[in-house]
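So the structure is just underneath, and the comments pick up after that.
Here, each number is a calculation from the coordinates, and none is a lab measurement. The structure presented is a predicted model; accordingly, all values stated were derived computationally and were not measured. Positions of Cβ are backbone-derived with ideal geometry, glycine not excepted, and every protein chain shown enters the neighbour counts.
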Amino acid sequence: MIRIALLWEDAMTSRFDHAEVLAALWRLGAGEELLPTSHGILDRALKDCLDKLPEMLRNELTFGITSVGLRCYEIPDILLAAQEALLTSEPNPTYLETAVTLNEDRARQIVLSHGLSTDQARKIGRELKASVDRIRRDFSLDAGQPTAA
Amino acid sequence: MRRRLREKAPELSKQVDALVAEWLKPLLEKLDAGRFAEFRPKQVHDPIWGTIELLPWEVALLDTPLLQRMRGVRQLGLAQLVFPSASHDRLEHTLGVIGAVEETVRALSRQIARWNRENQTRLVPEIAEKDRYALRLAALLHDVGHGPFSHALEPVLEVRSPLGTEDATHLHASNWREDLRTVRRELKSTYVSLNDVPSVSETIAVMVVMSAALTKVLASDRLFTDRGRSADEVQAVIIAAIIGAVEGPGASHLSALISSQIDADKLDYLARDAYHAGLEIGFDTDRLLARLEVHYVRADNVDASAMELRKRAAESADKAFYQLGIAASGFGSFEQMLIGRTFLYDRLYHHHKVRAAEAMAQRLMLVAERDRGQRFQLSEIFLRVGDDTMLRLLAGEVTHPQMTIVHGRAAALAHGILDRELLHRAFAFRGRFINSPPGLSSDRTNDNRLALWSRIIKRVDGLASRFELGQEIHDLAIRCARALAAAGINDEQMTACAAQLEAIGPEQVIVDLPPLKAEAIRILARYPTGQLKLPEFSFNPTKWSAAYELQKRTGYVFCPCDVAPIVAIASKIVFLGRFGVTMAKEADGYIKTTQSIDQTWLEALVDAQLIDTLAAEHLSSKRYSLLAVRPDDLRFPDTWIHDDPDLAHRIAAEIGKHLNGGLIAEHVAALGNVLAALYAFVDTWFESGQVTRDLADEAALQDRLRTCFGYRGLKTEEGSKVGGGALDVFVDDAILVENKFHGTAQTPAAAVPAAGMQGRRYAIGLNSQVVIVVLAYMPPPGAFPTKPQCMTIHRVSTGEKNRVEIRFTLPYRAVVPSSEKADARG
């Protein structure tokens, strides 16, 4: 039998790692609040908090102006990865936002694995949540609004 | 831009230049010779768009290998093996996109004319002929970055390092793949506004458009008699259209016609793929086109959520700019398009046989590179041959002077595709199939499923790690077949099975999970009030599509039909051993092997020491997944947590890192009991002054441990049978505790390796996954740990992957610093 050695370089971090860290930060900072997934709200909040994000996420995210305004190019993939990994609830038809299914214990283990203490992660998550709230106010978008995409 | 991008990607530029120069050589010779009379307009008849008229310069490019190469590159990769009539190629699609551009331009022109009739004060510019010509050229060239097997090849091009032999440094010589990444990054930073990061095939297409030869063709004024703008401008417009740029060099509102959420590319492939596959998706192209519009974007009519567009409008010459969008009344057609696309993915692109064929093609390319000991150059992948010829080349049936193929295992995969002997499904996996132990709360069940599934999904993300997992399954399948043959179970069949597995190698055991494409709305809608904002769906089709695909998305282990039963067993064992999961019976409905594993087979595998009895139980009667160890399971005392609030979570995470899946429920409970006893033991150790006193020997340590376990009512027995050490203790029939005695140690965490697992017999077992080492040592002067610092987590010293060592390092005869004395005295 031929043994085959693998010479792939393992990617430093995968989209699943990014999804895990993002979901964990949100869970620790925003508790049961829903994570926004539309209108570029999360994209803008991430840009606002970019300097405070853990390095593995900060180095990965890039932003640009699209036909619908500012967007983070990696967010669609990261949110899809979060769904694939069951870290967020299944999309409802309007899907303005999603519930993070990750519990606090698991969220803490994830951030600790990436070198953040729970307190540090909670602080970042709270800043992200505050940024989301501010952007929502600026846009006058109500999270419960039933008709937005 | 052209010069900068080419300088940033020298190897890719060099290879693309050489390729395109060869492809365009006949045309350049004609141009040089002044044979322009040969370029006449043509008409082609198309089942989707009717008659498509081609302009002379389009015909000139079409009649070169640059585009004729696409004739045998099938639009749907290997789907024609399942949908026989879906054998249309990229050339047909390319011409179709020109037809779609024409229809779209006509529809938009009608919209613009109507708007201008009704709004005399602000006229929308009509689509100029020069724009139409440039868009048609972009349509003609938009897919030239596709290689054989179409989209199936893209993940192969993104694999950084190849499958290889142990000495494979020479395989890394080619760096055009790295250049591809560079160009993608550069394109992203070059354009002020871009809807998405260009794909691999779009990036190659951009490099083709920028190649020296095509630049020279585009510069020919005698060929492009009606260009209407400079050759450089045309080139920039084509590139912007191919990557769907919104603002930047060559970009305009019309770029979106080639690459955007509603573009000519999609309009063609949705209709064409459904037509050729014989699938009805009910997509109303005419209605959708009738609702496309050129929006006049001003700061006061665009929604606040697109504030950058307000800014752009405010900074524009007329305080406004144009952008392609949709009327709110077109939502129904837009939804229909997106949903139709989802059904096409489900029925056509993700059909399990199509997946098997594409997974074989991807594996084949990687194995062929490994077999010949050299990565493919771009010129070999973009050889001027169709998919079938590429397969025959890789099968060794034919040769090509520009491609070196060494006969190896790739040939069998190529023959398998050519003869339609596709791999079969032996094992199915999905997050929702993960079976949980009974009696758990619904929250615990979901949390555990999430924890276990995240390990699987990360592991199978990428062709490289899938190969490694398939290899593990293959190797175990051989051992299983041999064990069953040795036990006299279907011995002839099993012997043949083992021989066949040896012959096919791990290359034909393929773990596969279909890729999903992340979608997001990138188009604005005009509402009756005149406001421009994101489409307000009461039902979001992109999100619905993602949910639909995720719900149905199932991973498979593919293998040849004859070995499927044994690969199925090996897959189940590997998934239990590596990820701690068993799949519910529901998963069996997706494969064509026996529903459950015969008990006599399991007994034979236990006798052959391939699995232990616990693993056998979990593969048959229990069929439960393992439980990931949670912080609460570790039962830390509050006093320990008080000083370090993250202690339990950090230790749980570290244990999780070493245990592939988790522990069986009984072992989780036993671990908690033993740890609780040990925390009390450590407390007593510190509080009784043992830290500063001498300790006679290892036996003295064990006496104390046994006493501690006894106080707690834990059952202990001599651990020598399990761990091999005379002074080991086996607690609660589950956890092995070794005690060690050591002199002075600077780093007690690494002082003495655990021995408990050295005698472990089974390839995959669920017994004895945790060993606890209690080590007494003399700390050097000045080193004095806190209680939590006494506890460390390690991989078991034998290097096995599914075992964890929890170590308690307890100081004795220590010189306690004055500040610590109060604590040490308790």
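Quick one: putting +1 on the C-beta of Lys and Arg, -1 on the C-beta of Asp and Glu, what dipole do you get for region B:438-484 around its Cα centre, in Debye to the nearest 20? Walk me through the numbers before you get to the answer.
On the way: 8 positive and 6 negative charges, 18 e Å.
Dipole magnitude for region B:438-484 comes out near 80 debye.
For B:54, B:678, A:128, which order do you get if you count the other beta carbons within 10 Å of each Cβ and list the fewest first?
Working: B:54 19, B:678 26, A:128 23.
So the residues, fewest neighbours to most, are B:54, A:128, B:678.
Using a cut-off of 14 Å between alpha-carbon atoms, which aspartates and glutamates can reach residue B:543, once sequence neighbours fewer than 8 places away in the same chain are excluded?
Within the straight-line cut-off, residue B:543 pairs with A:77, A:84, A:90, A:97, B:335, B:519.
When the dipole is taken about the Cα centre of the protein assembly as shown, and only Lys, Arg (+1) and Asp, Glu (-1) are charged at their Cβ, what size is it in debye, to the nearest 20? Write down the numbers at each step before the final one.
Values: 116 positive and 127 negative charges, 258 e Å.
So the dipole magnitude of the protein assembly as shown works out to roughly 1240 debye.
Quick one: net charge of residue B:39's neighbours, Cβ under 11 Å, K/R +1, D/E -1?
Numbers: positive: B:30, B:35, B:40, B:42, B:222; negative: B:38, B:58, B:63.
Residues close to residue B:39 contribute a combined charge of +2.
Taking the Cα centre of chain B as origin, sum charge times position over the Cβ atoms of Lys and Arg (+1) and Asp and Glu (-1), and report the length of that vector in debye to the nearest 20. Before the final figure, lay out each step's value.
Working: 99 positive and 104 negative charges, 264 e Å.
Value, rounded to 20: 1260 debye.
Suppose the chain between residue B:304 and residue B:635 were pulled fully straight at 0.36 nm per residue; how much longer would it get relative to their current alpha carbon spacing? Each step should come with its number before you reach the end.
Values: separation 331, 0.36 × 331 = 119.16 nm, distance 5.12 nm.
Here the segment from residue B:304 to residue B:635 would lengthen by 114.0 nm.
I'd like the FRET efficiency for residue B:407 and residue B:499, computed as 1/(1 + (r/R0)^6) with the beta carbon distance as r and R0 of 25 Å, rounded to 0.05. Walk me through the numbers before you get to the answer.
Numbers: r = 20 Å, r/R0 = 0.81.
Plugging the Cβ-Cβ distance into 1/(1 + (r/R0)^6) gives 0.75.
Taking the 0 to 90 degree range and rounding to the nearest ten, how far is the long axis of helix B:331-344 tilted relative to the main principal axis of chain B, both from C-alpha atoms?
For B:331-344 against chain B, the angle is about 60 degrees.
With r defined as the distance between the Cβ atoms of residue B:420 and residue A:120 and R0 fixed at 60 Å, what FRET efficiency is calculated, to the nearest 0.05? Working shown, then result.
Details: r = 56 Å, r/R0 = 0.94.
That gives a FRET efficiency of 0.60.
Which is farthest toward the positive dipole end of chain B among B:579, B:357, B:282, measuring Cα position about the Cα centre, with Cβ charges +1 (Lys, Arg) and -1 (Asp, Glu)?
With unit charges placed on the Cβ atoms, the residue in question is B:282.
Of B:540, B:741, B:665, which is farthest on the positive side of the dipole of chain B, counting Cα position, with +1 on Lys and Arg Cβ, -1 on Asp and Glu Cβ, and the Cα centre as origin?
Farthest towards the positive end: B:540.
What spacing in nm lies between the two simple spin-label points modelled at residue B:551 and residue B:71, each 7 Å away from Cα in the Cβ direction?
4.5 nm
Arrange the following residues from fewest to most other Cβ atoms within 10 Å of their Cβ: B:82, B:16.
Details: B:82 20, B:16 29.
Fewest-to-most Cβ neighbours within 10 Å comes out as B:82, B:16.
If each of residue B:322 and residue B:3 carries a label point 7 Å out from its Cα toward its Cβ, how far apart are those two points in nm?
3.2 nm
Would you mind getting me the FRET efficiency between residue B:123 and residue B:284? Use the beta-carbon distance for r and R0 = 35 Å, nearest 0.05.
Working: r = 30 Å, r/R0 = 0.85.
Calculated value: 0.75.
Determine which lysines satisfy two conditions relative to residue B:25: a Cα distance under 18 Å, and not lying fewer than 8 residues away in the same chain.
B:14, B:216
Within straight cross-link reach of residue B:585, meaning Cα distance under 20 Å, which lysines are found once same-chain residues fewer than 8 apart are removed?
Correct list for residue B:585: B:552, B:572, B:622.
Roughly speaking, what is the stretch gain from residue B:694 to residue B:747, that is 0.36 nm per residue apart minus the C-alpha to C-alpha distance, in nm to one decimal?
On the way: separation 53, 0.36 × 53 = 19.08 nm, distance 1.93 nm.
Gain in length upon complete extension: 17.1 nm.
Mind checking the full-extension length gain between residue B:33 and residue B:622? Use 0.36 nm per residue of separation minus the Cα-Cα distance, one decimal, nm.
On the way: separation 589, 0.36 × 589 = 212.04 nm, distance 7.94 nm.
Stretched out fully, the residue B:33 to residue B:622 stretch lengthens by 204.1 nm.
Modelling each spin label as a point 7 Å along the Cα-to-Cβ direction, I'd like the residue A:50/residue B:230 distance in nm, to one decimal.
That separation, rounded to one decimal, is 3.2 nm.
Amide H to amide H under 5 Å from residue B:302: which residues, 5+ apart in sequence or cross-chain, H placed 1.01 Å off N in plane?
It is B:532, by chain and number.
Work from the charge dipole of region A:15-139 (Cβ charges, +1 for Lys and Arg, -1 for Asp and Glu, about the Cα centre) and give the residue of A:82, A:130, A:62 farthest towards its positive end.
A:130
Based solely on its DSSP helices, what 222 nm [θ] is calculated for chain B when runs of n ≥ 4 H residues each add -39,500 (n - 2.57) and the sum is averaged over all residues, nearest 500 deg cm²/dmol?
Values: 34 runs with 390 residues, N = 826.
Taking each H run of at least 4 residues, the total per residue is -14500 deg cm²/dmol.
By DSSP, what percent of the beta bridges with both residues in the protein assembly as shown are antiparallel, rounded to the nearest 5?
Working: 48 of 68 bridges.
Among the beta bridges of the protein assembly as shown, antiparallel pairing accounts for roughly 70 percent.
Quick one: check the C-alpha center-to-center distance for region B:634-669 versus region B:39-88, whole angstrom.
Going from one Cα centre to the other spans 61 Å.
Within a 10 angstrom radius of the beta carbon, how do B:790, B:480 rank from fewest other beta carbons to most?
Values: B:790 21, B:480 27.
In increasing order of surrounding Cβ atoms, one gets B:790, B:480.
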